[in-house]
């Protein structure tokens, strides 16, 4: 870890009765301090996204619920993964952010705006109809990268271990946007980003709403 130091130069003046004033230069003293901790939230200049600090740590990656469904087999065996700290966008990339990317970069996106306007109708909704290459292109334009699968799962859990969702084992329409409507979830299709509560790391919509690329 990089440390900062500075030099303290002290001039000592001794005055005695009938004596000549003398100056003595003290040997420089090195004062070492730990750098301040990184901020918990930052705003990324390129796309204006708020990003949350995901702290370094270890977690049990995979199917912590030990469910019998065959589609879960690809996540087994559960294994310990240790990660350094990193920053992640607190929300999905919005329609407005993706429009800014297209306008600034000239990227040839081949998706359908008709579908976007139907399912994510405002600039505050999550961007959809993007393939992996589109997601990578946006990330590179913004000066970021996609998270690894391990980073995404660790961040999505929000520090809550062994649970099906970032808040516990059960889900209702007050927790997330998913099939149907009810409670807080009044959207037939996608909800605007951050319409539901954040997880323990300050990330929104890591369960429900739209799928995300790694």
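Each value in this text was obtained by applying a stated rule to the coordinates, not by laboratory testing. In this text the structure is predicted, and so the values were computed from the model without any measurement. FYI the Cβ positions are ideal-geometry reconstructions off the backbone, even for glycines, and counts take in every protein chain you see.
Sorting 196, 98 from the fewest to the most surrounding beta carbons within 10 angstrom yields 196, 98. Here the residues 201, 107, ranked from fewest to most Cβ neighbours within 10 Å of their Cβ, fall in the order 107, 201.
For segment 147-214, the relative contact order is 35 percent, taking Cα pairs closer than 8 Å that sit 6 or more residues apart in sequence and dividing their mean separation by the residue count.
Projected over every direction and averaged, the convex hull enclosing the alpha-carbon atoms of segment 74-134 yields 6.6 nm².
Approximating the spin labels as points 7 Å out from Cα along Cα→Cβ, the residue 45-to-residue 84 distance works out to 2.2 nm.
Ordering 138, 178 by the number of other Cβ atoms within 10 Å of each residue's own Cβ, fewest first, gives 178, 138.
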